[in-house]
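The values are calculated or read from the model by the stated rules, or taken from the named source; none is laboratory data. This structure is a prediction, so every number in the text was calculated from the model and none was measured. Glycine gets a Cβ as well: all are built from the backbone with ideal geometry, and neighbour counts include every protein chain shown. Accessible surface is based on the protein model in full, side chains and every heavy atom, while ligands, DNA and RNA are left aside. Shrake-Rupley method; radii C 1.70, N 1.55, O 1.52, S 1.80 Å.
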Amino acid sequence: MHNDSNSGAPGTPSGRIRRRRGSNEVPPEVAKANGNHLLVNDRSKYKSMLIRAYSSVWMIGGFAFIIYMGHLYIWAMVVVIQIFMAKELFNLLRRAHEDRHLPGFRLLNWHFFFTAMLFVYGRMLSQRLVNTVTLDKFLYKLVSRFVKYHMVTCYFFYISGFMWFILTLKKKMYKYQFSQYAWTHMILIVVFTQSAFTVANIFEGIFWFLLPASLIVINDIAAYFFGFFFGRTPLIKLSPKKTWEGFIGASITTIISAFLLANVFGRFQWLTCPRKDLSTGWLDCDPGLLFKPEYFTLPEWFPAWFLSREIAVLPVQWHALLLGLFASIIAPFGGFFASGFKRAFKIKDFGDSIPGHGGMTDRMDCQMVMAVFAYIYHQSFVVPQNLSIEMILDQIILNLTFEEQLAVYTKLGQIIQDRTFGES
């Protein structure tokens, strides 16, 4: 009698697929079936589109409100996103059976996480914190002490976590514990290294955070809809539902949007002015030549529906074109990397915190790549290389004691006085 290997009894191992409760792991048969269908041929695509659209509206609305609230609130949003991402990534290699024998071991991950947060943001924002409390003598002294001993404090927290890890090592659990230790540090490097650039962009001016982030959102939405309606040609094996039609359509849409959005965002001082402290007040600054319009006269052969032959273009719009080019061609590879990563762990999504989108990490893969490029581009091609008076004063306030500042003031006054008499 012939036995069909695909028709095992329910009680046999081959007759059912065992799956962890609450896991995102996709059964091989389902993954194989779904992987061979493009989105344009997916029968349930309209239902998933509605769920995705509903959650997208809420996310965009909340994002717009946080942008309106200002720099500190955007920073707080980034911190919350980091916590969600770390939680999702920590859980990837988590094993419930081993964790039951290691009470407090999960807490050690978060100890390293918040130590890294204190180190990264303490280093980045210490100068702005000093600028915030300069007028209050007591707070100024307190913050100055914190800045001075910040590094040794972080090192103490880290080395205490290291000792904690060593003291919790258990026989027959060494491999699991050391793999978790290495995994935790890799997560911290990935999450904080890239998120630090995001926060740096925020305080350089919300414009340099908002425009790159918006371009990634636009690229993602455009790729989804172009692939939804026109996708026929698979783009890459790591993401079977991504198509060349979606990629090309999204690229064109993103580059055009970059040019237009830069003109809109560049007209608001709230978005273009850098934040030198940690206050929440209104900003008033000279945004510089990048945000002052230049006027161009259109040639006669342009369509008659143009209301004026003269158009205003902000110089920053030319920079925006390069950001749009990166967002449409290079940044999607962050998504491809995440797709390959998920396939390696045999999961569909990193989490389920956002209906229709997966987890927070699923939404941030391209954003992280884009944030790093935006910061490097801004520092390399936008920020002037010469030292400004504000930068010199910031260094004096941050690094010198009150007595040393007084000595600089006295010495500078003497130099100016000598020059004045010399010229007369």
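Brief remarks follow.
- Relative contact order (percent, whole number), the chain, Cα cutoff 8 Å, 6+ residue spacing: 21 percent
- Of all the options Leu108, Leu406, Leu211, the one that moves most in a Gaussian network model of the chain with Cα springs shorter than 10 angstrom is Leu406.
- Of interest is the spacing of the C-alpha centroids, which for region 126-154 and region 292-346 amounts to 41 Å.
- Cross-link pairs beyond the 18 Å C-alpha cut-off, checked among Lys47/Lys237; Lys242/Lys342; Lys148/Lys276: Lys47/Lys237; Lys148/Lys276
- Placing +1 on the Cβ of every Lys and Arg and -1 on the Cβ of every Asp and Glu, with nothing else charged, gives region 91-192 a dipole about its Cα centre of roughly 180 debye.
- The slack between Trp58 and Gln405, meaning 0.36 nm per residue of separation minus the straight C-alpha distance, is 119.9 nm.
- Probe 1.4 Å, all protein chains present, accessible-area order of Trp75, Trp282, largest first: Trp282, Trp75
- Ranking Ile252, Gly413, Asn399 by how far each Cα lies toward the positive end of the dipole of the chain (charges on Cβ) leaves Ile252 at the top.
- GNM result for the chain, Cα springs below 10 Å: residue of Pro212, Pro315, Pro303 fluctuating most strongly: Pro303
- 5 angstrom amide H check on Lys242, placed H, neighbours 5+ away: Leu235, Ile236
- Any cysteine of the chain lacking a neighbouring Cys Cβ under 4.7 Å - listed by number: Cys154, Cys366
- With contacts taken as Cα pairs under 8 Å at a separation of at least 6 residues, region 115-252 carries a relative contact order of 17 percent.
- Among residues other than Gln180 with Cβ under 12 Å from its Cβ, the summed charge is +2 (Lys and Arg +1, Asp and Glu -1).
- Per residue, the Cα convex hull of region 190-261 amounts to 88 Å³.
- Taken over region 294-375, the alpha-carbon convex hull comes to 156 cubic angstrom per residue.
- Kirkwood radius for the chain, taken over all pairs of different Cα atoms as the inverse mean of 1/r, rounds to 25.5 Å.
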